[in-house]
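What follows is one structure encoded as structure tokens, with my remarks underneath.
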Amino acid sequence: MVDLSEKLREYCEKVNNALDIAIEDKDEPAVKSMRYSIFAGGKRIRAAIVLAFCELFGGDINKAIPFACAIEMIHTYSLIYDDLPCMDDDTLRRGKPTNHVVFGEATALMAGAGLYARAFETVLGCSGLSSEQKIEGMNILLSASGLNGIISGQMLDMENKPGLTEDEVMRIHKLKTSAMLEASAVLGCVAAECSDKEKNIALEYAKNVGLAFQIKDDILDVCGTVEDMGKTLGKDKASMKTTFVDILGVENAQKEVDRLSSKAKEIVCDINGCEFLMSLAEYLANRKT
């Protein structure tokens, strides 16, 4: 069996080294702000999924690193904005003060925009990807981070209120959370020049992992600890948002997480070299952070 923590460390090191180059340290407020959040200690799950699917289907993961960096930059920009006073108004992220608390709202806004732009600059500047791969990859990133993903998901979440149905809550999180995980999986396939069949396998795995990830987040918002999670807990209840826990209850929500995780594992289990993705699905279902 693969050593999950060791493999995650390997992927994380590769991506962090590339991010350090992509966002060169400069004595400029926006750059300091960008680096503060991008290196705040995230688990790099999305980047790991990019690299893992590239590797699973026989690709050179060095070609996938620009996509992995781009997905982490876009994810981090979305967290900066999510924490702003005009949205979730949060003061803690990854165990540290949120970006706007440290740098001010204006700089946080510019840092988010800077990360979003640098994501596409990183893909365009990669010499290891063909023009076709760059275009396909950027379309995937734009779709997941635009009106087919984060933007619409965030808007729906800001309108979230008591009494939403399970389908309505699922739509929010498919757009806000799962879309970026799905993009991660397919980007790894683009880097490996995969067939449509292989891309569909990656997409189905990520759909199940993405929904399980969000339901687990809802559980941890109720049952987790600030020390483990590194962020303010109970925000959804305080904001009177409907969550999967409200609809299913904690016990049934965890059963759904386990079901989705098992389904994700079934999707890849017959592919040689699938151990990391199998272990990752299980880890995400049972995580405490």
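The values are calculated or read from the model by the stated rules, or taken from the named source; none is laboratory data. Bear in mind the structure is a predicted one, so any value in this text is a computation, not a measurement. Cβ: placed from backbone, ideal geometry, glycine included. Neighbour counts: every protein chain shown. The accessibility values were calculated without ligands, DNA or RNA, using every heavy atom of the protein model including side chains. Shrake-Rupley method; radii C 1.70, N 1.55, O 1.52, S 1.80 Å.
Here are the numbers for this structure:
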read-out	value
Enumeration of residues in the range 32-55 that are open to solvent by 20 Å² or more (accessible area, probe 1.4 Å) and of a type outside the set (D, E)	K32, R35, Y36, F39, G41, K43, R46
Counted residues, the range 136-154 - those being exposed (fewer than 14 other Cβ atoms within 10 Å of the Cβ) and closer than 20 Å to E121 by Cα	2
Subset of the range 249-260 that is touching a residue at least 24 places away in the same chain (Cβ under 8 Å) and under 13 Å from V222 (Cα atoms) - its residue that is least open to solvent (accessible area, probe 1.4 Å)	A253
Tabulated pairs, the range 19-30, first under 16 Å from I74 (Cα atoms), second open to solvent by 90 Å² or more (accessible area, probe 1.4 Å), C-beta under 9 angstrom, 6+ apart or interchain	A22/E121; A30/M110
Answer residue from the range 84-109, given it is under 21 Å from the mean Cα position of the chain (by Cα) and of a type in the set (V, I, T) and is modelled with the lowest pLDDT among those	T91
Qualifying positions in the range 216-273 - part of a helix (DSSP H, G or I), charged (D, E, K, R), over 17 Å from K288 (Cα atoms) and modelled with pLDDT of 95 or more	R259, K263, K265, E266
Filtered residues of the range 18-30 (kept if open to solvent by less than 90 Å² (accessible area, probe 1.4 Å), of a type outside the set (D, E) and within 14 Å of T122 (Cβ to Cβ))	A18, L19, A22, I23
